[in-house]
1. Using r as the Cβ-Cβ distance of residue 369 and residue 21, and R0 as 45 Å, what FRET efficiency do you calculate, to the nearest 0.05?
2. So if each residue of separation counts as 0.36 nm, and I subtract the Cα-Cα distance between residue 1 and residue 391, what length gain in nm does that give?
3. Angle check, please: helix 48-60 long axis (alpha carbons) against the longest principal axis of the chain (alpha carbons), in degrees 0 to 90, nearest 10.
4. Extension gain residue 135-residue 455, at 0.36 nm per residue separation less the Cα-Cα distance, in nm?
5. Going by Cα centres, segment 401-457 and segment 3-57 are how many Å apart?
6. To make sure I understand, if each residue's beta carbon is the centre and we count other beta carbons within 10 Å, what order do 255, 229, 436 fall in, fewest to most?
7. Arrange 141, 106, 445, 249 by Cβ neighbour counts within 10 Å, fewest through most, would you?
8. List 134, 310 from most exposed to least, where exposure is judged by having the fewest other Cβ atoms within 10 Å.
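What follows is calculated from the coordinates using simple rules that are stated; it is not laboratory data. Being a predicted model, the structure only gives us computed values, none of them experimental. Backbone-built Cβ (ideal geometry, glycine too); neighbour counts: all protein chains shown.
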Amino acid sequence: MELHLDGVGSLQRQIYSALRQRMESGVLAGGSRLPGSRLLARDLGVSRGTVVAAYEQLVAEGYCNARGRAATRVAQTLPRVRAHEGRRLPPAVPHAIRWRAGDDAFLFDLRSGLPNPADFPHAIWARLLRAKLKQHATAAFDYPHPEGLPQLRQAVASHLQQWRGLPCGPDRVLITHGSQQAFSLIARALLPAGLAVAVEDPGYHGFSQAVRAAGVAVRPVAVDDAGIMVDDIRHGDLSAVYVTPAHQFPTGVLMSAPRRRALLDWAENAGSWIIEDDYDSAYRFDAPPLAPLKQYDDTGRVLLVGSFSKTVFPDLRLGYVVAEPATIEVLSLLKNLDDAGSSGLYQAALAAFLDQGHYQRHLRRSLRHLARRRGALIDAVVEHFGDRARLLGAQSGLHIVVDVGLTAVQERELVRTARSHGLGLHALGAFSQSGMLRPGLLLGFGRLEEGSLQRAVALLHRLVLDVQRRDAGGRRET
Ligand SMILES: Cc1ncc(COP(=O)(O)O)c(C=O)c1O
């Protein structure tokens, strides 16, 4: 028998694998005889003991049968091992869980949304973490509280009271593994499968995908320059609406006061939830952050979701939900099933960071740095694009939206070309929930310093002209 050995591992393993492969591919059919061990050893130039050991392994695993001195034969039914090799996994990722944040590296990364490591007080954080590591040494041998470390729940409640004007006690706070877990818990615990949830269009995929993954349908509702169009929510039964009132993601619009009132009235009348994502409200440049809807919530229909991803760092994976104590209890029971609570060490360090005033100082300092970068970005856009650029949503957050007169289709082409030039950016179209594309480019300024922002916008300008020229050329040819 000619047997091709792959050279990987011991000779015994190579003989075993080569024979097994032949059986699995049907070359050696069920019932057929394997060559005598002496013969095969001679053909392969190995010791007979090596072949015997390989045969014994195949017999032990059910690939072959051997009775007394009779020849070893291939089993009629081979063991089923395919599931272990992944063939039985679903062939494609289901649509509901396809979303994932991008992780490519760029020379200039203008994609929205992350804080700058240079702005963070690393030494203070390291000191707090070291101190908590010592204090937490015994507590670490118990399971954490599923609703969050009591000190952190208290610290978050006090912070929200002072900074967001929200009357709030620790029993109204659930600590989560980032807002993403909050969305997933809310979807599974509070949103029935039979009713849809309204989402902003364009809007945050992280929320809509969490809801779809829970088997709940989403209904995209357009956003204008006052926020989500509340009139369009009134038709049909909805269990909830998801909004980003303090800084709509991604358009940057602040929800107007009449729209806020209308939304609260709708939720009260319909008995539906408002999921208020307060992800980056801390970064408002020319005025204090807008008050959260939760402040005007008389009936407990607003679930405020917050995150430390933008204000501390995303790897912390800490966020929170503010709701009535009974709602917090339901969510924390589900969190307990999910992960039995978030690790206490980071929570303890974060509680101290808030309690000792470092968080608040860090926010003030970051805001100054961000304002400087935002100014540099706006100056560069005006310098290169002049009045052709329309700026939107520049009052707060970590990105601005710029309409430079391209169509949404041209913008898609621009994002692709920019990527190959090392420039990372998003178009509003990437956040469409309904397939309706609206033009606008998201330019994030959290990470880049002035010089890089200048160069990035100069490159962007050149690429925009290229896309326009190519498009005009293409049209002339047709
Ligand atoms: C609209 C919105 N909400 C929430 C988050 C934060 O999510 P997490 O707390 O899971 O990091 C982000 C982050 O990009 C976001 O853009």
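1. Working: r = 60 Å, r/R0 = 1.34.
So the FRET efficiency works out to roughly 0.15.
2. Values: separation 390, 0.36 × 390 = 140.40 nm, distance 7.51 nm.
Residue separation times 0.36 nm, minus the Cα-Cα distance, leaves 132.9 nm.
3. 60 degrees
4. 110.4 nm
5. Cα centres, segment 401-457 to segment 3-57: 59 Å.
6. Values: 255 24, 229 17, 436 12.
Ascending number of Cβ neighbours within 10 Å: 436, 229, 255.
7. Values: 141 7, 106 17, 445 29, 249 26.
Arranged by neighbour count, lowest to highest, 141, 106, 445, 249 become 141, 106, 249, 445.
8. Values: 134 8, 310 21.
Listing 134, 310 from fewest to most nearby Cβ atoms yields 134, 310.
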